[in-house]
Each structure stands twice: as C-alpha cells, then as structure tokens.
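The values are calculated or read from the model by the stated rules, or taken from the named source; none is laboratory data. Just so you know, these numbers come straight off a predicted model, no measurement behind them. Here the Cβ positions follow ideal geometry from the backbone for every residue, glycine too, while neighbour counts run over all protein chains shown.
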Amino acid sequence: MLARLGFPLGLLLLAALTSLVIALGVGSAQLSPAQIWQVVLGNLGYIGQDEGNALARTMVLELRLPRALSAFAVGGLLAVAGALMQVLLRNPLADPYVLGLSGGASIGALAAMLAGLGGLAISGSAFGGALFSTFLVFGLAHGSGSWTPSRLLLTGVVVAAGWGAVITLMLALSPAERLPGMLYWLMGDLSYARAPWPPLLLLLATCVVLMPLGRSLNVLARGPQQAAALGVAVRPLEWCIYIVASLLTAAAVTTAGSIGFVGLVVPHMLRLLLGNDQRLILPACALAGGTLLVLADTLARTMIAPEQLPVGVITALLGVPTFLFLLYRSR
C-alpha cells in the first residue's frame, strides 16, 4: 500500500521542487541552480554574502520565493477543493467555484478596493465575502429540509449568476483609475502575494486531516445509500466536505483572486492516471495543482516581460485544450 502511494507522490514531489527551482531562476535576471543554492547556503549562514550574492538573495528570498510559494499553495488548495467537490456532488465536472464562492470573494475584494483600502483589508474582505456566500448557498439549499447534491449545485449556480451581475454593476460604477487593478484581481493575479505561509499551512493541515477519511470518501463517491449501508455517517461527512472545500476555495481566492480550471482539470487528470482512491488523489492534487500554478505563474510573468499577464489567463489557455483532450481520451 505504501509503495503504491509513495511512487507517484514521489514523482509529483520531484516535479514540485523542480517547478520551484524554475520559478526562482527565471525572470528579468536569470539565476542558475548553483546561484540559488548559494543563496540558500548564505541564508543559512554557511557562506558569506558579497555584493552579488546579496542582490541574488534579495531577488530570491524577498521577491520570487514568496510569490512561488503562494502560487504553489493556491494551486494545491484549488485542486484539493475541486477533488472534494467532485466527491460531494458525485460529478467529475464539478469545480470549486461552482457554488458561488469566487463571486462572493470578488464582491468583498472589489468593495474594499472601491473604498480605497488595500493589502490585508482586501484579503480580509475577500475572505469574508467567500464565507458569506458559503453560508448563503448552504442555507438556501437546505431550506426547511435537507439538501441534496443537485439542489446544492443548482443553488450555487444561481447565486454565482447573481454575484456576477453585482460584479458587473460594481465595475460599471467604478472610477476609471481603479478598474485595471480590479480587473487584474478578477482574472487572478499573484503580483501582490507576499504571505505564503497561511495558505501553505492550511493546505498541509487539510491533507493531514483528510487522509484518515480517505476510505470513507471512497465509499461516499459510490453513492450515499451504499455509503450508509457500509456504516459511513453520510450527512456529517458531506457537511465536512462542503465546509472544508469552501474554506480552501476562500483561502485561495483571498490570496490570488479568481483562477479557473486548476480545480477542474487537475483532479480529473489525476483520476484518469492514478484511479479514484482518495487516499492517493488528495495529496496528489495538492502537489500537482501547486506545480501547475507555479509553472503557469512563471510563464505569466515572463511571456511578455517586463509586462505581466494575470495568471488566470494562462491557466485558462492551458486548461481549456487540456480538459477537452482529457474528455476525448475518456470517451
């Protein structure tokens, strides 16, 4: 069992480390792996810092590393949230944004931008908007009885459409000088991501907590009646999945804005390659989603340098043909 899980996860971990080295080395000033290693040794105090090493240290540790780690955390959060949503709704095409979480976060962030706030205020407003949307969708779907996956999905789609209309209205009424920043945030942007540790710790804690639930998730994916017959507490497990997926999506959107296709393509691709064992899929999604977004963000900031593209544009350009190809292969 450990060998079956360890080999693909080892390959994905190697790919994740490689993507981080590429992200640290590629940019307006190229750095070789040897230079990056010197920066690491200098930061640990093993070698001295001359002027060249000091410049490379600033570039790596203060500019590129926080952004690369933020990209990895956001990609992992979105991919794990997508995998959980696909189990919850028993639909391989489910997406972490399908329940209107991104719309709620966007409204919170745009409201903070319109008020002239920045930094932590925008992140806090986005997180509050995402949580408000979570409780709104869950409350409307629950109604006076219990919710079902189809009712939850339909409620989320309707709420997301409503948020989209409000976002359009806010953009139409916004001052012209604030529109570029607002549009970049809506398309997904990691330019201002400088605090990677909270989303990274959340990603790690989620994987640790969910691993013991892997067998129950495998049974739930086959249907609630079969899961209940095998002794799984279906309703509490579904609530747990919904809350965790909402929290992961809210944290990702708060950090980098709306980034599509990561939570849709990565779990679907891994299921085609590795099967449908959630004990393997969830940590694999964390590694593969993080790797994908790190590479996409590196491409976004270097493709038309010195200008930068929103990373959401890159994930869409990569995700659409990839997903169509996966659908064609899985017919």
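Only one of the numbered conditions (1) closer than 24 Å to F135 by Cα; (2) free of Cβ contacts under 8 Å to residues at least 60 places away in the same chain; (3) of a type in the set (A, V, I, L, M, F, W, C); (4) outside any helix (DSSP H, G or I) is not met by I259, and that is (2).
Number of residues in the range 277-318 that are under 19 Å from P267 (Cα atoms) and either in contact with a His (Cβ under 7 Å, 6 or more places away or on another chain) or of a type in the set (V, I, T) (or both): the value is 5. The single condition from (1) farther than 30 Å from N276 by Cα; (2) in a helix (DSSP H, G or I) that L204 fails is (1). L99 - would you say it is surrounded by fewer than 24 Cβ atoms within 10 Å (Cβ to Cβ), in contact (Cβ under 8 Å) with a residue 40 or more places away in the chain, of a type in the set (A, V, I, L, M) and not in a helix (DSSP H, G or I)? Judged against the criteria, L99 is not a match. Against the list (1) at pLDDT below 85; (2) farther than 17 Å from R67 by Cα; (3) surrounded by fewer than 18 Cβ atoms within 10 Å (Cβ to Cβ); (4) of a type in the set (A, V, I, L, M, F, W, C), the condition A250 fails is (3).
A quick yes/no check of all residues on (1) surrounded by fewer than 18 Cβ atoms within 10 Å (Cβ to Cβ); (2) touching a residue at least 60 places away in the same chain (Cβ under 8 Å):
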{"position": "L171", "(1), (2)": "yes, yes"}
{"position": "S174", "(1), (2)": "yes, yes"}
{"position": "R178", "(1), (2)": "yes, yes"}
{"position": "L190", "(1), (2)": "no, yes"}
{"position": "A193", "(1), (2)": "no, yes"}
{"position": "L201", "(1), (2)": "yes, no"}
{"position": "A205", "(1), (2)": "yes, no"}
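Applying the criterion of being out of contact with any helix residue (DSSP H, G or I) (no Cβ under 6 Å at 6 or more places or on another chain) and part of a helix (DSSP H, G or I) to the residues of the range 112-130, the residue that is modelled with the highest pLDDT is L114.
Give the range 72-96 a look and list any residue that's over 26 Å from V157 (Cβ atoms) and surrounded by fewer than 24 Cβ atoms within 10 Å (Cβ to Cβ), or say none.
none
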